[in-house]
Structure formats: structure tokens, C-alpha cells
1. When the chain is treated as a GNM, springs tying every alpha-carbon pair under 10 Å, which of GLU204, GLU279, GLU45 comes out with the largest mean-square fluctuation?
2. Taking 0.36 nm per residue of sequence separation and subtracting the Cα-Cα distance, how much length would be gained by fully extending the chain between GLU288 and SER123, in nm to one decimal?
3. Across 10 Å bins from 0, what is the distribution of all Cα-Cα pair distances for segment 1-78, in whole percents?
4. If a/c stays under 1.5 just call it rounded; otherwise compare a/b with b/c (prolate if a/b is bigger, oblate if not). Do that for segment 242-300, with a ≥ b ≥ c from the square roots of the Cα gyration tensor eigenvalues.
5. Under the rule a/c < 1.5 gives rounded, and otherwise a/b versus b/c splits prolate from oblate, where does segment 131-272 land using the Cα gyration tensor?
6. Compare ASN166, ASN128, ASN42 in a GNM of the chain, Cα atoms joined below 10 Å, and give the one with the largest fluctuation.
7. Can you give the alpha-carbon Rg of segment 51-203 over 2.2 N^0.38 Å, where N counts its residues?
8. For the chain, modelled as a GNM with alpha-carbon contacts under 10 angstrom, which of ASP82, ASP294, ASP103 fluctuates the most?
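Nothing in this text is a laboratory measurement; each read-out follows from the coordinates by a stated rule. None of the values given here were measured: they were computed from a predicted structure. Cβ: placed from backbone, ideal geometry, glycine included. Neighbour counts: every protein chain shown.
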Amino acid sequence: MTRELVGRNLLSLVDYSGEEIRSILELGFKLKHKQKEGQPHNFLEGRTLAMIFQKSSTRTRLSFEVGMEQLGGRGLFLSVGDLQMGRGEPVKDTARTLSRYVDGIMIRTFDQEEVEELARYASVPVINGLTDRFHPCQALADLMSVWEKCGELAPERKVVYLGDGNNVAHSLMLGCSKLGLQLRVAHPPGYAPDGDIVELARREARSSGGELVLMEDPEQAVKGCEVVYTDVWTSMGQESEKEEKRKHFAPYQLNRALLDKAEPGAVVMHCLPAHRGEEITDQVIESEQSVVFDQAENRLHAQKALLSMLIK
Ligand code: CP
Ligand code: NVA
């Protein structure tokens, strides 16, 4: 196993090259195989990962906790409300204290800057488990799933993301652009992904042979795509915008009629949790084209690879 990434943080995919992302995914596939075959892979014997949560989680918490266990280490669930951080202890003090006890820190919070500050003061790798701006671990599992379901990550892979230009879209854009895929993002007017990330992803796509196109017409966007991806319209922390957003996002719902305009047999992806009847219909998420639970499983394998490569 390559140890080139030892000691690195994963704050977003911005600082990772396509080659580095690919090496994480390749190890992810090897670890998936080992786990299925019952072969030992306790690369992190005796190591501990602190897992700080300021927002709810099912997949991220479970996949990191179980992943550490399968690697021979342990994950410690730390709710911000139970930490002194929740009573105002500075992030920089939390970072330095935790670094004396654990071998890595995963954090899910609102503000990307908080994760960056934690990383500046921590002396162990810091992993972003979702902020309002990025969800890099999700993108690793997403790319692994596209590879697994559709084949080699290359320019012939056409992916469409429907909906909000949010954290999941941002990380998917960076991941697809760095690996040279063709990605379309179809969003309602006013809900485009952040311009600086679009620009960065476009630059990456130019050098990898991929392409990033922003569109507002969902029917045009899904045409010819073999992967159709969506995420919730209202992310955690934006609950007050829910009703307003529903009006703007209705045409972007991934339903049978829209899916039928994509490539025949296109795979349906969603990072979950899903809001059936909003961004996706029950019929589509339960259809044979849906790979959402394989995608959720790949969170485990991709993150085990990431942990094995980052933690000393
Ligand atoms: N996809 C994802 O991050 O799920 P959780 O919010 O359950 O962790
Ligand atoms: N965009 C969603 C992703 C949840 C995994 C959110 O931030 O709530």
C-alpha cells in the first residue's frame, strides 16, 4: 500500500490530484475484496479516530466507526453538544488537545473554515465529514460507485447531477473534473454551485480531458447520461428555506419520466438520506436502476482506504 498520503488532511478534494484520488479508490476496491473474502486488513491496529459531529449522520458515523473497527482500530463518536467545544472551548484548543490522544480527527460541521482551523492546529490528519461547502468522503464513494457500475473513470463516463448546487454537488464536481469525467449540473436559476468551485473544476476538467457543464433544463441535461445523481433540495441547517425551495426545484425531481430521457439502464445515485416525493420519487429510488445502497456501502470501503493512507 502506498504511504504517500500519510499525515495529509482531507479538507476537500481541492488539494488532491486525480492520481491521488484514483489511488484511494483502487485501495478501496482492494479493501472491499478483502472484507468480502474475510481476509485480514488490520492496518490501523491500536489507532483511534475522533469523530466530531455537529450535525446528524447515519452513513458517515457508521462507516467511519465500523471502518476503524475493521482496520483494527476504533472510532470515538463525539457529539459537539457533549464536548467543551459546544460550550465555547476554542476549536484551536480542541484540535491540540485531541491531537494528544488520537491518531486522526473526522469532523462534520457547518462552516468549512472551522474544519480548516481545526486542521491548522491539529498535529494529526483531519478529515472533513461534511460541511455546508464540501462533502469529499461522499465524492470518493460516488466515484468508486461510478467506476464499479459503469466502468473505468474516463471521458466517456457521462454523469448528470440534478438539483441544488450544494456541498455534495461541489465535491462531485471536483472529483469528476479531476478524474476526467463529463459532468452536467442541472440546477434551478439562482441555485448554481459556487462560482469559484465551478471555475476550479472547469480548469481541472480542461487538463484531465473531462468536462463540466452547468444547465438549467433538466430534460436536456439527462440526455445521453449513464449516471443520474440527485441530492436533497434542503440541506441540513437550511430548513427555513424548505417551502421556498420546493417551488423552484419541482421540475428537477428525478421521476420515471425524467429518468426515461437518460441513457437506457442509466444508474440512479443519491448520497442519502432521500426525501421521497421531493427530489426523487419512491418509484425511482426503489427501481432496479437505483444503486443507492451499494453507493452507501462504498462509503465504508473508500473511507477505510482513506484512513489507511492518511493515518500514521
Ligand atoms: N450521505 C451521508 O453523508 O449520509 P449521513 O448524513 O447519514 O452521514
Ligand atoms: N446536502 C445534504 C447532504 C447530506 C448527506 C446536506 O448537507 O444535508
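1. Its mean-square fluctuation being the largest, the pick is GLU45.
2. Length gained, GLU288 through SER123: 54.9 nm.
3. The percentages, shortest bin first, are 16, 43, 39, 3.
4. Note, shape of segment 242-300 comes out oblate.
5. It comes out oblate by the Cα gyration axes.
6. Per the Cα network of the chain with a 10 Å cutoff, ASN42 tops the list.
7. That works out to 1.15 for segment 51-203.
8. Looking only at ASP82, ASP294, ASP103, the biggest GNM fluctuation is shown by ASP82.
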